[in-house]
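Asks: Have a look at this one.
The values are calculated or read from the model by the stated rules, or taken from the named source; none is laboratory data. Only a predicted model underlies this, so the values are computations on that prediction, with no experimental measurement involved. Ideal geometry is used to build each Cβ from the backbone, glycine not excepted, and the neighbour counts take in all protein chains shown.
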Amino acid sequence: MTAALLEAPTALFASSGATRAAGGRRTTLEDLLESSWRNARAEGQTDCPMCEAPMRMEGKQARCGGCGTRLA
């Protein structure tokens, strides 16, 4: 694994549309997951932060229909 992959995984951050978080700093993994979780709870669905497939609320967690990722 290269250092570039560890610093900023392109697939994970490129699709988010916002590469900057509040205050002009770079978006962190925490920012991305928190945003996905907020969207899932507010709208009942969101894009998976890992594979971009639809993620839907199932009870008290959001589950991705593509890769199976879960947010709770």
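Asks: Which ones in region 42-56 are among the acidic types (Asp, Glu) and in a loop (DSSP other than H, G, I, E, B)?
Replies: Result: GLU52, single match.
Asks: Taking the condition modelled with pLDDT under 90 and either surrounded by fewer than 10 Cβ atoms within 10 Å (Cβ to Cβ) or within 10 Å of the chain's Cα centre (by Cα) (or both), does ARG25 pass?
Replies: yes
Asks: Moving on. Please count how many residues of region 55-69 are within 12 Å of the chain's Cα centre (by Cα) and loosely packed, with under 12 Cβ neighbours inside 10 Å.
Replies: Number of matching residues: 0.
Asks: Could you tell me which residue of region 29-50 is modelled with the lowest pLDDT, considering only residues that are surrounded by fewer than 16 Cβ atoms within 10 Å (Cβ to Cβ) and in contact with a helix residue (DSSP H, G or I) (Cβ under 9 Å, 6 or more places away or on another chain)?
Replies: My answer is LEU29.
Asks: Check whether at least one residue in region 57-64 is part of a helix (DSSP H, G or I) and basic (Lys, Arg), and report yes or no.
Replies: no
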